[in-house]
Amino acid sequence: MRLLQAFNEKDQERFFGLHFFNPPRIMKLVELIPTSHTKESIILDVKNFAQNVLGKGVIVVNDVPGFVANRVGTQTMNDIMYRAEQHKLSIVDVDALTGQAIGRPKTGTYALSDLVGLDIAVSVIKGMQQVPEETPYFHDVKIVNTLYENGALGRKTKQGFYKKDKETKARLVYDVEKQDYVPVSQPQLPILNEFNKDLVHNLDVIFNAQDEAGLFLWETLRNNFYYSAINVPKATDDFRDIDRALVWGFNWKLGPFQLWDAMGYERVKTRMEDELGDLPQWISDLDGGFYKQDETIEYATPVSHFVKDELWDKGDAKLSVTHNDQLLLKLQSKNNVITDEFNDALVDAIDLLENEHYTSMVIYADGNNFSVGANLFLMKKAHEDGLVDDVVAQSIDKLHYSFNRLKYSLKPVVTAVQGRALGGGCELVLYSPIVVAASETYIGLVEAGVGLLPSGGGLAEMADRILRTSHKFDDKQASMTKVLTNIAFAKVSTNAFEARRYGYLRDTDTIIFNTAQRVEVALKRAKYEAETNYIPNPRHQYIALGEDFKALIQGQLDAQRHGHFISDHDYHIALNIATILSGGDLPRNTFINQRYIQSLEKIGFIDLLKSKKSYERIAHMLKTGKPLRN
């Protein structure tokens with residue numbers, strides 16, 4: 001009996017399905033499955049709630065097996081494995097071909113199947129094979145059946161297409177011919193040498209390829225395009241929802257129809273008609289492609305919609321003006337790191353904001369992460385070249401100047417932040433007068449993890465936020481101890497609400513759940529501030545916690561060092577941080593200001609960057625991606 005039949009007619013209007021992708025907190029996709037009885041207003045209410053309160057990407061799908069994401073995604077993986085057998089390609093080769101080269105997760109097809117579980121994949125495929133019209137698109141794959149029957153279901157059983165050798169911990173892969181696991185070897189396919197990081201380039205290589213691997217890739221992409229096309233309107237009425245499903249649910253860089261456009265709509269269409277015959281009528285009715293220029297799959301208004309003119313592009317930063325005379329400053333360096341060039345551009349943008357007719361400014365960055373901090377390689381090189389006192393010292397001065405200009409801007413500046421904001425990226429957030437943060441924002445001053453301390457004013461700002469309050473000395477000391485602990489142990493908030501508890505965000509900052517809306521919300525917040533007599537941040541003087549606080553922390557650090565909980569160098573780093581937060585070697589109740597604390601930061605940072613042990617930590621992080629405890 002269908003579930004719907006268990007409800008009376010009135011309740012049937014409120015009946016629908018919601019399919020969250022796992023893990024629900026991280027994965028953006030939610031499939032909303034209404035019935036023919038579901039009230040339209042309820043569909044809209046639920047969609048708005050999921051988008052704006054839960055921060056999800058919602059697609060409305062029909063009640064068909066697999067809905068959209070698992071239906072198309074599983075068919076794609078199944079077809080890849082089926083054609084890999086036909087082309088006699090190894091598991092390692094196929095994973096290299098079907099990962100980042102075509103805009104999909106770097107795991108590739110087989111490794112991803114291990115992660116999901118072969119039992120789940122087999123269950124979906126068997127279910128789809130029960131539907132007569134789906135049978136031609138879902139195949140039995142020998143290697144999948146063999147592993148499934150042997151109970152090798154992937155990571156959950158510690159072996160699937162891959163496994164680790166129990167003794168050597170070496171990665172092994174299943175060899176079809178030997179019916180056993182063998183060491184993983186690097187793929188040697190010539191086409192891999194033709195690929196680069198440009199997805200459009202790679203798709204062009206695939207379209208023109210004549211080798212076995214290239215033809216295999218073309219066939220799998222072609223079949224994905226075709227199967228996606230015939231599922232409109234079977235599985236969903238809007239082709240964009242298929243792209244959304246695969247991007248939001250399977251972490252593809254582009255969905256099937258976006259890939260089709262990127263490969264060249266007309267030439268792909270012609271070749272598919274030659275090889276497969278007639279395409280669905282709705283494809284034939286299209287004029288030149290699926291998407292207009294700059295059109296995205298996001299529901300949120302794209303940034304380009306707000307832009308009236310581009311004022312300048314200085315490489316690491318680009319400045320535009322909106323139709324409402326608001327400035328938009330985009331951080332666009334590699335990995336969105338904070339560079340000297342960006343700091344110069346930030347000062348230029350604030351000069352323009354304060355001296356011209358512009359009302360406010362929003363700072364933002366594209367990508368999953370707002371900013372991962374500074375360029376560690378340059379720090380390493382400065383140490384090696386003996387330029388710490390010159391080049392690095394000048395960079396710190398520039399960083400302090402630009403961030404101070406930001407904090408004390410005469411007109412409102414709002415920073416829209418998402419993902420990781422670490423090190424210098426965190427400091428840019430800290431010095432922003434107003435912040436709009438996505439709930440999935442991970443903020444932290446992490447420099448201690450590589451043997452350094454924050455040099456862009458992060459310590460000075462955290463101290464400023466505590467010292468300028470009217471709280472009692474003991475309360476300030478307790479708050480400062482928590483700050484020191486977080487920074488010394490390089491703690492990063494697990495979400496924006498925790499960042500607020502850590503003090504990286506203020507109660508006056510805005511937290512939103514839908515990351516895609518951050519720039520739009522930031523523009524609205526900046527406009528509101530500009531229209532309601534924005535008052536710039538005042539400069540404060542306050543009394544230092546002084547030697548009393550430093551002595552307290554030093555006693556705690558001595559105990560941790562003698563107990564072997566921290567190393568000698570950990571002790572040196574933490575004591576440096578404590579000295580700065582206490583206001584240096586000053587008596588308690590001495591008046592200081594933020595600029596003075598910044599000067600202590602500079603001294604402490606240079607001291608650590610010159611040290612051999614900090615250099616070793618930086619080099620180890622650059623080489624391995626992991627922290628070194630020395």
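FYI, it's all coordinate maths here, none of it is from the lab. A quick note: this is a predicted structure, and the numbers were derived from the prediction, not measured. With ideal geometry, Cβ positions are generated from the backbone for all residues, glycine too; neighbour counts draw on all protein chains shown.
Below, the figures for the structure above:
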item: Dipole of the range 3-60, positive end: most advanced residue of Ile59, Pro24, Asn8 [Cβ charges, Cα centre]; result: Pro24
item: Long-range tail of P(r) for the range 137-270 (Cα pairs > 24 Å, %); result: 50
item: Segment Leu18-Gln210, length gained on full extension (0.36 nm per residue, minus Cα span); result: 64.7 nm
item: The range 550-630, Cα convex hull volume normalised per residue, Å³; result: 94
item: Computed Rg/Rh of the range 3-60, alpha carbon atoms with Kirkwood Rh; result: 1.02
item: Under the Karplus curve 6.51 cos²θ - 1.76 cosθ + 1.60, θ = phi - 60°, whole-Hz ³J(HN,Hα) for the range 101-110, x wherever Gly or Pro sits; result: 4, 10, x, 10, x, 5, 4, x, 6, 5
item: Isotropic mean projected area of the C-alpha convex hull, the range 490-624 (nm²); result: 12.0
item: Size of charge dipole - the range 281-331 - debye, nearest 20, with Cβ of Lys, Arg +1 and Asp, Glu -1, no other charges; result: 200
item: Cβ-based charge dipole, the chain, positive-most Cα from Ser304, Ile43, Tyr542; result: Tyr542
item: Point-to-point label distance, Ile43-Lys482, nm (Cα→Cβ direction, 7 Å offset); result: 4.7
item: Relative contact order (percent, whole number), the range 282-429, Cα cutoff 8 Å, 6+ residue spacing; result: 23
item: Mean separation of Cα contacts under 8 Å (6+ apart) over length of the chain, as relative contact order %; result: 10
item: Rounded FRET efficiency, nearest 0.05, which uses the C-beta distance separating Trp282 from Ser567 and R0 of 60 Å; result: 0.40
item: Convex hull projection area averaged over all views, the range 197-322, Cα basis, nm²; result: 9.9
item: Assigned charges on the beta-carbon of Lys, Arg, Asp, Glu; the range 481-607 dipole about Cα centre (debye); result: 420
item: Other-chain or far-sequence residues with amide H under 5 Å of Asp175's (modelled H); result: Asp180, Tyr181, Val182
item: Net lengthening on full extension, Glu273/Glu177 (0.36 nm per residue, minus Cα-Cα); result: 31.0 nm
item: Greater than 32 Å apart at Cα, pairs in Lys106/Lys610; Lys56/Lys308; Lys47/Lys163; Lys47/Lys491; Lys56/Lys126; result: Lys106/Lys610; Lys47/Lys163; Lys47/Lys491
item: Likely footprinting exposure, Val446, Val232, Val64, fewest C-beta neighbours within 10 Å first; result: Val64, Val232, Val446
item: Rg ratio (alpha-carbon, reference 2.2 N^0.38 Å) - the range 69-224; result: 1.03
item: Full-stretch length increase - Lys626, Ile543 - with 0.36 nm per residue and alpha-carbon distance subtracted; result: 26.0 nm
item: The chain, dipole about Cα centre (Lys/Arg Cβ +1, Asp/Glu Cβ -1), debye to the nearest 20; result: 2220
item: Helical contribution to [θ] at 222 nm, DSSP H n ≥ 4, -39,500 (n - 2.57), averaged over the chain, rounded to 500; result: -15000 deg cm²/dmol
